[in-house]
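Some notes on the structure that comes next.
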2 protein chains.
Amino acid sequence: MLFSKTSAYGIRAVLYLSMQKGHPFVLIREIAENLNLSYHFLGKIFQNLSQGGLITSYKGPNGGVRLARKPEDIFVLDVVRVLEGMDLFTECVFGLDKCSDHFPCPLHHKWFRIRKEISEMMASTNFAQLALDTNTFDFRIKTVSVGTPI
Amino acid sequence: MLFSKTSAYGIRAVLYLSMQKGHPFVLIREIAENLNLSYHFLGKIFQNLSQGGLITSYKGPNGGVRLARKPEDIFVLDVVRVLEGMDLFTECVFGLDKCSDHFPCPLHHKWFRIRKEISEMMASTNFAQLALDTNTFDFRIKTVSVGTPI
DNA sequence: AAGTTTTAGGACTTCATTGTCTTAAATGTA
DNA sequence: TACATTTAAGACAATGAAGTCCTAAAACTT
(Lines give C-alpha, C1' and ligand atoms only; values in the text may rest on other atoms or scores of the structure.)
Protein backbone atom coordinates (compact mmCIF):
# COMPACT_ATOMS: atom_id res chain seq x y z
CA MET A 1 0.00 0.00 0.00
CA LEU A 2 1.47 3.29 -1.10
CA PHE A 3 0.07 5.31 1.79
CA SER A 4 0.45 4.73 5.48
CA LYS A 5 -2.87 3.96 7.17
CA THR A 6 -2.78 7.44 8.67
CA SER A 7 -2.63 9.04 5.22
CA ALA A 8 -5.22 6.69 3.77
CA TYR A 9 -7.65 7.48 6.59
CA GLY A 10 -6.84 11.18 6.37
CA ILE A 11 -7.56 11.32 2.66
CA ARG A 12 -10.80 9.43 3.06
CA ALA A 13 -11.84 11.74 5.89
CA VAL A 14 -11.06 14.91 3.93
CA LEU A 15 -12.94 13.41 1.02
CA TYR A 16 -15.92 12.80 3.32
CA LEU A 17 -15.88 16.48 4.28
CA SER A 18 -15.54 17.46 0.63
CA MET A 19 -18.78 15.71 -0.16
CA GLN A 20 -20.86 17.69 2.33
CA LYS A 21 -23.38 20.18 1.02
CA GLY A 22 -22.51 23.63 2.32
CA HIS A 23 -19.61 23.44 4.71
CA PRO A 24 -21.06 22.55 8.08
CA PHE A 25 -19.10 21.31 11.05
CA VAL A 26 -19.29 17.53 11.04
CA LEU A 27 -18.76 15.34 14.08
CA ILE A 28 -15.58 13.28 14.03
CA ARG A 29 -17.67 10.49 15.50
CA GLU A 30 -20.01 10.59 12.50
CA ILE A 31 -17.13 10.43 10.05
CA ALA A 32 -15.53 7.55 11.92
CA GLU A 33 -18.78 5.62 11.90
CA ASN A 34 -19.46 6.23 8.23
CA LEU A 35 -15.94 5.34 7.14
CA ASN A 36 -15.76 2.50 9.65
CA LEU A 37 -12.64 3.84 11.31
CA SER A 38 -11.63 4.06 14.95
CA TYR A 39 -13.05 7.25 16.43
CA HIS A 40 -10.04 7.93 18.64
CA PHE A 41 -7.51 7.29 15.93
CA LEU A 42 -9.37 9.51 13.50
CA GLY A 43 -9.55 12.20 16.19
CA LYS A 44 -5.78 12.17 16.34
CA ILE A 45 -5.52 12.44 12.56
CA PHE A 46 -7.85 15.44 12.61
CA GLN A 47 -5.66 17.07 15.24
CA ASN A 48 -2.81 16.96 12.73
CA LEU A 49 -4.94 18.06 9.81
CA SER A 50 -6.08 20.98 11.92
CA GLN A 51 -2.54 21.95 12.95
CA GLY A 52 -1.57 21.63 9.29
CA GLY A 53 -4.22 24.16 8.36
CA LEU A 54 -6.29 21.87 6.15
CA ILE A 55 -9.34 21.73 8.37
CA THR A 56 -10.91 23.91 11.01
CA SER A 57 -12.31 22.51 14.20
CA TYR A 58 -14.79 23.78 16.68
CA LYS A 59 -15.43 22.46 20.16
CA GLY A 60 -18.68 22.02 21.96
CA PRO A 61 -22.28 21.58 20.81
CA ASN A 62 -22.71 22.07 17.06
CA GLY A 63 -18.95 21.80 16.80
CA GLY A 64 -16.94 19.37 14.76
CA VAL A 65 -14.57 19.68 11.85
CA ARG A 66 -14.83 21.19 8.39
CA LEU A 67 -12.54 22.03 5.50
CA ALA A 68 -10.46 25.17 5.94
CA ARG A 69 -10.84 25.91 2.23
CA LYS A 70 -12.79 24.77 -0.81
CA PRO A 71 -12.31 21.16 -1.96
CA GLU A 72 -10.94 22.48 -5.27
CA ASP A 73 -8.09 24.05 -3.35
CA ILE A 74 -7.06 21.01 -1.33
CA PHE A 75 -4.87 18.42 -3.04
CA VAL A 76 -4.06 14.87 -2.09
CA LEU A 77 -0.46 15.94 -1.72
CA ASP A 78 -1.45 18.49 0.94
CA VAL A 79 -2.88 15.77 3.15
CA VAL A 80 0.10 13.48 2.65
CA ARG A 81 2.53 16.32 3.36
CA VAL A 82 0.79 17.18 6.62
CA LEU A 83 0.38 13.59 7.80
CA GLU A 84 3.68 12.01 6.77
CA GLY A 85 5.97 14.74 5.57
CA MET A 86 7.77 14.73 2.24
CA ASP A 87 10.32 12.00 2.93
CA LEU A 88 8.43 9.67 0.63
CA PHE A 89 9.33 11.99 -2.23
CA THR A 90 12.95 12.64 -1.47
CA GLU A 91 14.24 9.41 0.02
CA CYS A 92 16.41 6.88 -1.83
CA VAL A 93 14.63 3.63 -2.82
CA PHE A 94 17.17 1.79 -0.71
CA GLY A 95 17.05 4.32 2.10
CA LEU A 96 20.67 5.28 1.54
CA ASP A 97 21.64 8.71 2.83
CA LYS A 98 24.46 9.25 0.44
CA CYS A 99 22.42 8.55 -2.68
CA SER A 100 21.77 11.82 -4.53
CA ASP A 101 21.35 13.20 -8.04
CA HIS A 102 25.05 13.81 -8.04
CA PHE A 103 25.96 10.39 -6.65
CA PRO A 104 23.11 8.12 -7.71
CA CYS A 105 22.43 4.58 -6.52
CA PRO A 106 21.80 2.11 -9.34
CA LEU A 107 18.03 2.58 -9.23
CA HIS A 108 18.13 6.31 -8.60
CA HIS A 109 17.15 7.59 -12.04
CA LYS A 110 14.42 5.06 -12.68
CA TRP A 111 12.92 5.62 -9.27
CA PHE A 112 13.22 9.39 -9.65
CA ARG A 113 11.02 9.30 -12.72
CA ILE A 114 8.32 7.25 -11.04
CA ARG A 115 8.43 9.21 -7.81
CA LYS A 116 7.95 12.38 -9.82
CA GLU A 117 4.84 10.93 -11.41
CA ILE A 118 3.46 9.96 -8.04
CA SER A 119 3.96 13.42 -6.62
CA GLU A 120 2.57 15.06 -9.75
CA MET A 121 -0.46 12.84 -9.55
CA MET A 122 -1.02 13.81 -5.93
CA ALA A 123 -0.28 17.46 -6.56
CA SER A 124 -2.77 17.65 -9.41
CA THR A 125 -5.63 15.76 -7.80
CA ASN A 126 -7.92 17.92 -5.72
CA PHE A 127 -10.78 16.82 -3.54
CA ALA A 128 -13.48 18.30 -5.75
CA GLN A 129 -12.38 15.90 -8.49
CA LEU A 130 -12.16 13.01 -6.08
CA ALA A 131 -15.63 13.77 -4.74
CA LEU A 132 -17.05 13.49 -8.25
CA ASP A 133 -15.54 10.03 -8.63
CA THR A 134 -16.78 8.97 -5.23
CA ASN A 135 -20.50 9.23 -5.78
CA THR A 136 -20.77 5.65 -6.94
CA PHE A 137 -18.29 4.31 -4.42
CA ASP A 138 -19.17 3.26 -0.90
CA PHE A 139 -16.18 4.05 1.27
CA ARG A 140 -17.33 2.01 4.22
CA ILE A 141 -15.40 -1.17 4.70
CA LYS A 142 -18.25 -3.13 6.21
CA THR A 143 -21.19 -3.05 3.85
CA VAL A 144 -24.46 -2.37 5.61
CA SER A 145 -27.80 -3.73 4.56
CA VAL A 146 -30.12 -1.00 3.31
CA GLY A 147 -33.11 -3.11 2.32
CA THR A 148 -36.45 -2.83 4.11
CA PRO A 149 -36.63 -5.51 6.77
CA ILE A 150 -39.45 -7.98 6.23
CA MET B 1 10.78 4.29 0.92
CA LEU B 2 9.19 2.17 -1.75
CA PHE B 3 10.67 -1.11 -0.57
CA SER B 4 10.52 -2.70 2.83
CA LYS B 5 13.94 -2.97 4.46
CA THR B 6 13.84 -6.67 3.75
CA SER B 7 13.45 -6.07 0.01
CA ALA B 8 16.01 -3.29 -0.05
CA TYR B 9 18.57 -5.49 1.69
CA GLY B 10 17.66 -8.44 -0.53
CA ILE B 11 18.16 -6.45 -3.71
CA ARG B 12 21.47 -5.08 -2.51
CA ALA B 13 22.62 -8.56 -1.56
CA VAL B 14 21.65 -10.09 -4.91
CA LEU B 15 23.40 -7.19 -6.57
CA TYR B 16 26.49 -7.93 -4.53
CA LEU B 17 26.45 -11.52 -5.79
CA SER B 18 25.86 -10.28 -9.34
CA MET B 19 29.10 -8.35 -9.19
CA GLN B 20 31.27 -11.35 -8.39
CA LYS B 21 33.65 -12.64 -11.04
CA GLY B 22 32.80 -16.25 -11.85
CA HIS B 23 30.06 -17.48 -9.59
CA PRO B 24 31.72 -18.61 -6.40
CA PHE B 25 29.95 -19.29 -3.12
CA VAL B 26 30.24 -16.16 -1.03
CA LEU B 27 29.91 -16.06 2.75
CA ILE B 28 26.80 -14.36 4.06
CA ARG B 29 29.04 -12.86 6.71
CA GLU B 30 31.20 -11.22 4.03
CA ILE B 31 28.17 -9.75 2.28
CA ALA B 32 26.76 -8.46 5.55
CA GLU B 33 30.05 -6.79 6.41
CA ASN B 34 30.50 -5.22 3.00
CA LEU B 35 26.94 -3.91 2.82
CA ASN B 36 26.99 -2.98 6.50
CA LEU B 37 23.94 -5.06 7.31
CA SER B 38 23.12 -7.31 10.25
CA TYR B 39 24.56 -10.75 9.57
CA HIS B 40 21.68 -12.64 11.19
CA PHE B 41 19.00 -10.62 9.50
CA LEU B 42 20.66 -11.05 6.13
CA GLY B 43 20.93 -14.77 6.83
CA LYS B 44 17.18 -14.89 7.19
CA ILE B 45 16.70 -12.99 3.95
CA PHE B 46 18.95 -15.46 2.15
CA GLN B 47 16.87 -18.31 3.54
CA ASN B 48 13.89 -16.85 1.72
CA LEU B 49 15.81 -16.08 -1.45
CA SER B 50 16.99 -19.66 -1.41
CA GLN B 51 13.51 -21.09 -0.90
CA GLY B 52 12.33 -18.78 -3.66
CA GLY B 53 14.87 -20.31 -6.04
CA LEU B 54 16.86 -17.14 -6.69
CA ILE B 55 20.02 -18.22 -4.97
CA THR B 56 21.69 -21.52 -4.11
CA SER B 57 23.31 -22.12 -0.75
CA TYR B 58 25.88 -24.56 0.40
CA LYS B 59 26.74 -25.42 3.98
CA GLY B 60 30.11 -26.05 5.53
CA PRO B 61 33.63 -25.01 4.62
CA ASN B 62 33.88 -23.30 1.24
CA GLY B 63 30.12 -22.96 1.39
CA GLY B 64 28.05 -19.80 1.17
CA VAL B 65 25.49 -18.45 -1.27
CA ARG B 66 25.54 -17.75 -4.99
CA LEU B 67 23.05 -16.84 -7.70
CA ALA B 68 20.91 -19.69 -8.98
CA ARG B 69 21.07 -18.22 -12.48
CA LYS B 70 22.86 -15.54 -14.44
CA PRO B 71 22.40 -11.91 -13.33
CA GLU B 72 20.82 -11.17 -16.72
CA ASP B 73 18.04 -13.58 -15.85
CA ILE B 74 17.21 -12.22 -12.41
CA PHE B 75 15.00 -9.16 -12.22
CA VAL B 76 14.31 -6.77 -9.38
CA LEU B 77 10.72 -7.92 -9.45
CA ASP B 78 11.81 -11.50 -8.76
CA VAL B 79 13.43 -10.46 -5.50
CA VAL B 80 10.47 -8.35 -4.43
CA ARG B 81 8.03 -11.12 -5.31
CA VAL B 82 9.94 -13.63 -3.21
CA LEU B 83 10.49 -11.33 -0.24
CA GLU B 84 7.17 -9.51 0.00
CA GLY B 85 4.78 -11.13 -2.39
CA MET B 86 2.77 -9.27 -5.00
CA ASP B 87 0.33 -7.46 -2.72
CA LEU B 88 2.12 -4.21 -3.44
CA PHE B 89 1.02 -4.55 -7.06
CA THR B 90 -2.56 -5.58 -6.55
CA GLU B 91 -3.69 -3.78 -3.43
CA CYS B 92 -5.92 -0.71 -3.40
CA VAL B 93 -4.16 2.57 -2.48
CA PHE B 94 -6.51 2.85 0.43
CA GLY B 95 -6.25 -0.81 1.34
CA LEU B 96 -9.93 -1.38 0.54
CA ASP B 97 -10.84 -4.97 -0.27
CA LYS B 98 -13.83 -4.14 -2.36
CA CYS B 99 -11.99 -1.75 -4.67
CA SER B 100 -11.52 -3.38 -8.07
CA ASP B 101 -11.33 -2.52 -11.76
CA HIS B 102 -15.06 -3.12 -11.88
CA PHE B 103 -15.81 -1.12 -8.74
CA PRO B 104 -12.99 1.42 -8.52
CA CYS B 105 -12.18 3.68 -5.59
CA PRO B 106 -11.72 7.33 -6.56
CA LEU B 107 -7.95 6.98 -6.97
CA HIS B 108 -8.06 3.54 -8.55
CA HIS B 109 -7.34 4.44 -12.16
CA LYS B 110 -4.59 6.94 -11.44
CA TRP B 111 -2.90 4.60 -9.05
CA PHE B 112 -3.28 1.70 -11.45
CA ARG B 113 -1.27 3.57 -14.08
CA ILE B 114 1.57 4.35 -11.70
CA ARG B 115 1.63 0.91 -10.13
CA LYS B 116 1.92 -0.55 -13.62
CA GLU B 117 4.95 1.59 -14.30
CA ILE B 118 6.55 0.51 -11.06
CA SER B 119 6.06 -3.15 -11.80
CA GLU B 120 7.21 -2.71 -15.39
CA MET B 121 10.31 -0.95 -14.16
CA MET B 122 11.06 -3.78 -11.76
CA ALA B 123 10.20 -6.46 -14.30
CA SER B 124 12.51 -4.96 -16.91
CA THR B 125 15.51 -4.26 -14.70
CA ASN B 126 17.87 -7.21 -14.34
CA PHE B 127 20.88 -7.47 -12.11
CA ALA B 128 23.42 -7.39 -14.93
CA GLN B 129 22.20 -3.88 -15.77
CA LEU B 130 22.19 -2.85 -12.14
CA ALA B 131 25.72 -4.17 -11.69
CA LEU B 132 26.93 -1.94 -14.51
CA ASP B 133 25.47 1.11 -12.79
CA THR B 134 26.93 0.10 -9.47
CA ASN B 135 30.61 0.25 -10.33
CA THR B 136 30.87 3.86 -9.31
CA PHE B 137 28.59 3.51 -6.31
CA ASP B 138 29.73 2.43 -2.88
CA PHE B 139 26.88 0.50 -1.33
CA ARG B 140 28.23 0.52 2.17
CA ILE B 141 26.45 2.88 4.47
CA LYS B 142 29.44 3.69 6.60
CA THR B 143 32.23 4.97 4.41
CA VAL B 144 35.60 3.45 5.25
CA SER B 145 38.90 5.21 4.97
CA VAL B 146 41.06 3.81 2.18
CA GLY B 147 44.06 6.13 2.41
CA THR B 148 47.49 4.92 3.47
CA PRO B 149 47.98 5.62 7.16
CA ILE B 150 50.82 8.00 7.85
C1' DA C 1 -22.87 28.65 37.86
C1' DA C 2 -23.44 23.85 36.70
C1' DG C 3 -23.73 20.52 33.41
C1' DT C 4 -23.32 18.76 28.56
C1' DT C 5 -21.05 18.33 24.21
C1' DT C 6 -17.19 18.23 21.59
C1' DT C 7 -12.20 18.53 20.14
C1' DA C 8 -7.15 18.45 22.19
C1' DG C 9 -3.55 16.10 24.23
C1' DG C 10 -1.06 12.77 26.51
C1' DA C 11 -0.31 8.05 28.35
C1' DC C 12 -0.79 3.63 27.34
C1' DT C 13 -1.49 -0.98 24.63
C1' DT C 14 -1.21 -3.85 20.53
C1' DC C 15 0.69 -5.41 16.41
C1' DA C 16 3.89 -5.99 12.51
C1' DT C 17 8.45 -5.30 11.08
C1' DT C 18 13.11 -5.40 12.09
C1' DG C 19 16.85 -7.19 14.35
C1' DT C 20 19.42 -10.62 17.71
C1' DC C 21 20.62 -14.91 19.67
C1' DT C 22 20.93 -19.83 20.21
C1' DT C 23 20.77 -24.35 18.57
C1' DA C 24 20.39 -27.77 14.75
C1' DA C 25 21.76 -29.70 10.43
C1' DA C 26 24.89 -30.27 6.65
C1' DT C 27 29.40 -30.46 4.84
C1' DG C 28 34.30 -30.69 4.92
C1' DT C 29 38.98 -31.88 7.19
C1' DA C 30 42.20 -34.28 10.03
C1' DT D 1 35.25 -40.34 14.54
C1' DA D 2 35.93 -35.82 16.27
C1' DC D 3 36.01 -31.16 15.14
C1' DA D 4 35.55 -26.93 12.53
C1' DT D 5 32.78 -24.25 9.26
C1' DT D 6 28.78 -22.67 7.42
C1' DT D 7 23.69 -22.19 6.38
C1' DA D 8 18.78 -23.34 8.44
C1' DA D 9 15.45 -22.57 11.68
C1' DG D 10 13.14 -21.09 15.49
C1' DA D 11 12.70 -18.31 19.77
C1' DC D 12 13.20 -14.00 21.52
C1' DA D 13 13.87 -8.65 21.90
C1' DA D 14 13.57 -3.85 20.16
C1' DT D 15 11.38 -0.55 17.42
C1' DG D 16 7.88 2.11 15.25
C1' DA D 17 3.18 2.37 13.48
C1' DA D 18 -1.49 1.76 14.65
C1' DG D 19 -5.00 1.90 17.80
C1' DT D 20 -7.26 2.74 22.66
C1' DC D 21 -8.33 5.23 26.71
C1' DC D 22 -8.57 8.88 29.96
C1' DT D 23 -8.47 13.61 31.33
C1' DA D 24 -8.33 18.58 30.03
C1' DA D 25 -9.98 22.54 27.62
C1' DA D 26 -13.35 25.01 24.95
C1' DA D 27 -17.86 26.09 23.79
C1' DC D 28 -22.71 25.86 24.38
C1' DT D 29 -27.31 25.29 27.26
C1' DT D 30 -30.09 25.79 31.11
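What the table below lists for this structure:
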quantity: Residue A:112 vs. criteria in a loop (DSSP other than H, G, I, E, B), among the aromatic types (Phe, Trp, Tyr) and without any contact (Cβ under 8 Å) to a residue 60 or more places away in the chain; calculated: no
quantity: Count - residues of segment A:1-52 that are in contact with a helix residue (DSSP H, G or I) (Cβ under 7 Å, 6 or more places away or on another chain), small (Gly, Ala, Ser) and either away from DNA strand C (no atom under 13 Å from the Cβ) or not in a loop (DSSP other than H, G, I, E, B) (or both); calculated: 6
quantity: Pick from segment A:103-121, criterion closer than 22 Å to residue B:36 by Cα and not aliphatic (A, V, I, L, M), ranking: surrounded by the most Cβ atoms within 10 Å (Cβ to Cβ); calculated: A:106
quantity: Residues (assigned to a loop (DSSP other than H, G, I, E, B), within 12 Å of DNA strand C (Cβ to nearest atom) and open to solvent by 20 Å² or more (accessible area, probe 1.4 Å)) located in segment A:53-71; calculated: A:53, A:59, A:60, A:61, A:62, A:68
quantity: Tally of residues being at negative phi and near DNA strand D (Cβ under 9 Å from one of its atoms) across segment B:46-73; calculated: 14
quantity: Within segment B:10-27, tally of residues that are within 15 Å of the chain's Cα centre (by Cα), under 17 Å from residue B:64 (Cα atoms) and open to solvent by less than 60 Å² (accessible area, probe 1.4 Å); calculated: 8
quantity: Residue within segment A:80-99 that is within 12 Å of another protein chain (Cβ to nearest Cβ), over 30 Å from residue B:121 (Cβ atoms), more than 14 Å from DNA strand C (Cβ to nearest atom) and in contact with a Ser or Thr (Cβ under 8 Å, 6 or more places away or on another chain) present; calculated: no
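The values are calculated or read from the model by the stated rules, or taken from the named source; none is laboratory data. Predicted model only: the values in this text are computed from it and were never measured. When we count neighbours, we look across all protein chains shown, and the Cβ atoms used for this are built from the backbone with ideal geometry, even at glycine. For the accessible areas, the whole protein counts, side chains as well, though only heavy atoms, and no ligand, DNA or RNA atoms are used. Shrake-Rupley method; radii C 1.70, N 1.55, O 1.52, S 1.80 Å.
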